[in-house]
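Peer 1: Structure below; questions to follow.
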Amino acid sequence: MSDVSMRQMLEAGVHFGHQTRYWNPKMAPYIFGERGKIHIINLEKTLPLFSDAMNYISSMVANGGTVLFVGTKRSAQTAVMENAIRCGMPFVNHRWLGGMLTNYKTVRQSIKRLKDLETMSGDGSFDRISKKEALMLTREREKLERSLGGIKDMRGIPDAMFIVDVGYEKIAIKEARKLGIPVIGVVDTNNSLEGIDYVIPGNDDAIRSIKLYVEAAADAANTGKLSVAHAVADSADEFVEVKEGGDAAPKKKAAPRKKAAKKVTVKKAAKKDKPEAVAAEADTATQDADAASE
């Protein structure tokens, strides 16, 4: 996981808040002061909170969890999509549909419809229907792709949610709180931090700032995946006992079960005794024949 420094935050403009007249008093502990009627965020408080949030994402993914990236405002759409794809996580970068999580059963039907249309488009089914019908189905697929394309491979409800602008994504936060999903959110000076489990005080409007947040979150997710891969590789390694001379000690064979050995012995003995019994019968028959001839 790449550690973000205070210098990087300064260069990205994370410390710039909103105009002082739009401030939210609940953000007062994270405000350093004001300059030119604009609040300045205290990065000395932002940096440790940011690190805690990234560590949480990493540990969540390492335990097999899924983090949903949410950023539907225009300045965040591209960064959210690119970095979520980079770390293999679901994302929503267009309008948040009401009930996307709380009514997930219905949303899954729309996702199934999207996948069916993608299959039809790929196997040439559109070529066997009229141009008008093909155009209508293509438009339907594009509309569903915009809304649900980022979550079509999501396996159920996510384990956490990373939000770029908590003021812009109020519906998503409400659904997450209703389902008990932890929320990691970037909170600017004009927003409230209520309902946010991991607060990141910072600029949520500048493209460079948003890119910094999302790239760090994607790196944290990849770090979590990498730790899982290392753990699996370590558990798969075989430990071989080595003698003092340097040669590997041969593996001990397991002793056969006693009952099975008895059965085998009895069978072999039976097979062995068979020809002897036949020979004895033949000798008896010969003696009887000699006695009769006398």
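Peer 1: Just checking, does the range 145-159 include any residue being closer than 22 Å to Ser51 by Cα and modelled with pLDDT of 95 or more? Before you say what the answer is, go through the steps one by one.
Peer 2: Step one: of the range 145-159, the residues closer than 22 Å to Ser51 by Cα are 158-159.
Remaining after also requiring modelled with pLDDT of 95 or more: 158-159.
There is at least one residue in the range 145-159 that is closer than 22 Å to Ser51 by Cα and modelled with pLDDT of 95 or more.
Peer 1: Now for a separate question. Of all the residues that make up the range 185-204, how many are hydroxyl-bearing (Ser, Thr, Tyr), in contact with a Lys or Arg (Cβ under 9 Å, 6 or more places away or on another chain) and over 22 Å from Arg21 (Cα atoms)?
Peer 2: 0
Peer 1: Could I ask something else about it? Collect the residues in the range 1-28 that are part of a helix (DSSP H, G or I) and surrounded by fewer than 19 Cβ atoms within 10 Å (Cβ to Cβ), keeping them in residue-number order.
Peer 2: Result: Met6, Arg7, Gln8, Leu10, Glu11, Thr20, Arg21, Tyr22, Pro25, Lys26, Ala28.
Peer 1: Let me ask something else. One residue is enough: does the range 178-194 have a residue meeting the conditions under 23 Å from Leu101 (Cβ atoms), acidic (Asp, Glu) and surrounded by 13 or more Cβ atoms within 10 Å (Cβ to Cβ)?
Peer 2: So far as the range 178-194 goes, no, none of its residues is under 23 Å from Leu101 (Cβ atoms), acidic (Asp, Glu) and surrounded by 13 or more Cβ atoms within 10 Å (Cβ to Cβ).
Peer 1: Can you go through Gly64, Gly36 and tell me which one is assigned by TED's automatic domain parsing to the domain that holds Thr189, modelled with pLDDT under 95, among the small types (Gly, Ala, Ser) and over 18 Å from Ala206 (Cβ atoms)?
Peer 2: Details: Gly36 fails: over 18 Å from Ala206 (Cβ atoms).
Sole residue among the options that is assigned by TED's automatic domain parsing to the domain that holds Thr189, modelled with pLDDT under 95, among the small types (Gly, Ala, Ser) and over 18 Å from Ala206 (Cβ atoms): Gly64.
Peer 1: Just give me the residues in the range 11-28 being basic (Lys, Arg) and in contact (Cβ under 8 Å) with a residue 40 or more places away in the chain, in sequence order.
Peer 2: Across the range 11-28, the qualifying residue is only Lys26.
Peer 1: Further question on the same structure: Are any residues in the range 173-192 farther than 22 Å from Ser58 by Cβ and either assigned to a loop (DSSP other than H, G, I, E, B) or at pLDDT below 95 (or both), and if so, which ones?
Peer 2: Hits for the range 173-192 are Asp188, Thr189, Asn190, Asn191, Ser192.
Peer 1: Right, here's the next one. So, Arg108, is that one within 14 Å of Ala216 (Cβ to Cβ), under 21 Å from the mean Cα position of the chain (by Cα) and of a type in the set (Lys, Arg) or not?
Peer 2: For Arg108, the condition - within 14 Å of Ala216 (Cβ to Cβ), under 21 Å from the mean Cα position of the chain (by Cα) and of a type in the set (Lys, Arg) - is not met.
Peer 1: Checking the structure you have, find out if any residue of the range 68-80 is of a type in the set (Lys, Arg), in contact with a helix residue (DSSP H, G or I) (Cβ under 6 Å, 6 or more places away or on another chain) and closer than 19 Å to Ala218 by Cβ.
Peer 2: Of all residues in the range 68-80, those of a type in the set (Lys, Arg) come to 73-74.
Okay, now just the ones that are also in contact with a helix residue (DSSP H, G or I) (Cβ under 6 Å, 6 or more places away or on another chain), so none.
No.
Peer 1: Here is a follow-up. Are there any pairs, at least 6 apart or on different chains, whose C-beta atoms fall under 6 Å, with the first in the range 117-137 and closer than 22 Å to Lys152 by Cβ and assigned by TED's automatic domain parsing to the domain that holds Lys152 and the second part of a helix (DSSP H, G or I) and charged (D, E, K, R), and if so, which?
Peer 2: Final answer for the pair search is Leu117/Arg141.
Peer 1: Next question, about the same structure. In the range 29-74, which strands (runs of 3 or more DSSP E) lie fully inside it and hold 3 or more residues that are closer than 25 Å to Lys170 by Cα and in contact (Cβ under 8 Å) with a residue 60 or more places away in the chain?
Peer 2: Values: elements: 31-35, 38-41, 67-70.
Ranges flagged: 67-70.
Peer 1: Let me ask something additional. Kindly check whether there is at least one residue in the range 75-84 that is assigned by TED's automatic domain parsing to the domain that holds Ile207, assigned to a loop (DSSP other than H, G, I, E, B) and either surrounded by fewer than 16 Cβ atoms within 10 Å (Cβ to Cβ) or of a type in the set (Lys, Arg) (or both). If you could, list the steps in order and put the result at the bottom.
Peer 2: Taking the range 75-84 and keeping what is assigned by TED's automatic domain parsing to the domain that holds Ile207, we get 75-84.
From what is left, the residues that are assigned to a loop (DSSP other than H, G, I, E, B) are none.
No, that holds for no residue.
Peer 1: Applying the selection to the range 85-104, what residues are in a helix (DSSP H, G or I) and either surrounded by 15 or more Cβ atoms within 10 Å (Cβ to Cβ) or not assigned by TED's automatic domain parsing to the domain that holds Ala206 (or both)?
Peer 2: The answer is Tyr104, and nothing else.
Peer 1: Taking the residues in the range 119-141 that are under 26 Å from Arg74 (Cα atoms) and either surrounded by 12 or more Cβ atoms within 10 Å (Cβ to Cβ) or among the aliphatic types (A, V, I, L, M) (or both) as candidates, determine which candidate is farthest from the chain's Cα centre (by Cα).
Peer 2: Thr138
The values are calculated or read from the model by the stated rules, or taken from the named source; none is laboratory data. Values in this document were obtained by computation on a predicted structure and should not be read as measured data. When we count neighbours, we look across all protein chains shown, and the Cβ atoms used for this are built from the backbone with ideal geometry, even at glycine.
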